[in-house]
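Visitor: This is the structure, below, for whatever I ask next.
Readers should treat all values here as calculations from the given coordinates under stated rules, not as data from a laboratory. Worth saying up front: this structure is predicted, and the values here are computed from it rather than measured. Ideal geometry is used to build each Cβ from the backbone, glycine not excepted, and the neighbour counts take in all protein chains shown.
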Amino acid sequence: MSETIQNTKSLEEQQKDFQTAKITVSKNAVKRLKAVMTSDGKADHFLRMSVEGGGCSGMTYKMDFENEKAEFDKQFESNGLTIVCDLKSWLYLKDIEVDFSDDLLNGGFKIKNPNAERTCGCGTSFSA
């Protein structure tokens with residue numbers, strides 16, 4: 001009986017972790033994203049994070065600027081930026097951290113994904 005209670009608690013903890021997880025975007029990444037949004041005439045938009053099949057590891061990260069949310073989108077705020085994510089992608093993107101570096105050789109957006117089992121060398125695709 002106590003084993004069943006422990007399994008239930010574990011499931012409850014997993015559900016709580018799933019519900020309280022978020023997407024974090026660093027100040028450097030927000031600064032760069034807002035600059036691009038402004039130059040594209042989309043300063044009033046938000047960042048949509050998603051995944052799609054493809055890439056050398058199986059799934060590819062996707063970032064878009066949008067101004068419409070779907071009914072079941074999850075929404076977050078990080079360093080003054082609104083981020084949305086569809087539920088399917090959320091399974092793979094929960095608790096990711098997005099950063100940006102303007103380093104000449106290795107610059108660009110970097111995504112740290114605790115859900116990825118393997119990532120490719122370029123950092124734009126992963127498998128889970």
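Visitor: What number of residues within segment 41-68 are over 16 Å from the mean Cα position of the chain (by Cα) and either in contact (Cβ under 8 Å) with a residue 12 or more places away in the chain or buried (at least 17 other Cβ atoms within 10 Å of the Cβ) (or both)?
Guide: Of segment 41-68, the ones over 16 Å from the mean Cα position of the chain (by Cα) are 41-45, 54-58, 67-68.
If we keep only those that are either in contact (Cβ under 8 Å) with a residue 12 or more places away in the chain or buried (at least 17 other Cβ atoms within 10 Å of the Cβ) (or both) too, we end up with 42, 44-45, 54-58, 67.
Of the residues in segment 41-68, 9 are over 16 Å from the mean Cα position of the chain (by Cα) and either in contact (Cβ under 8 Å) with a residue 12 or more places away in the chain or buried (at least 17 other Cβ atoms within 10 Å of the Cβ) (or both).
Visitor: Go through segment 87-118 and report how many residues are part of a loop (DSSP other than H, G, I, E, B), among the charged types (D, E, K, R) and either surrounded by fewer than 17 Cβ atoms within 10 Å (Cβ to Cβ) or free of Cβ contacts under 8 Å to residues at least 24 places away in the same chain (or both).
Guide: So the answer is 4.
Visitor: Also: Kindly indicate the residue of segment 30-75 that is assigned to a strand (DSSP E or B) and of a type in the set (S, T, N, Q) and also farthest from K110 (Cα to Cα) among those meeting that condition.
Guide: First, the residues of segment 30-75 that are assigned to a strand (DSSP E or B): 46-53, 59-66, 74-75.
Add one more test, that the residue is of a type in the set (S, T, N, Q), and what stays is 50, 60, 75.
Numbers: S50: 15, T60: 13, Q75: 21 Å.
Top of the filtered list is Q75.
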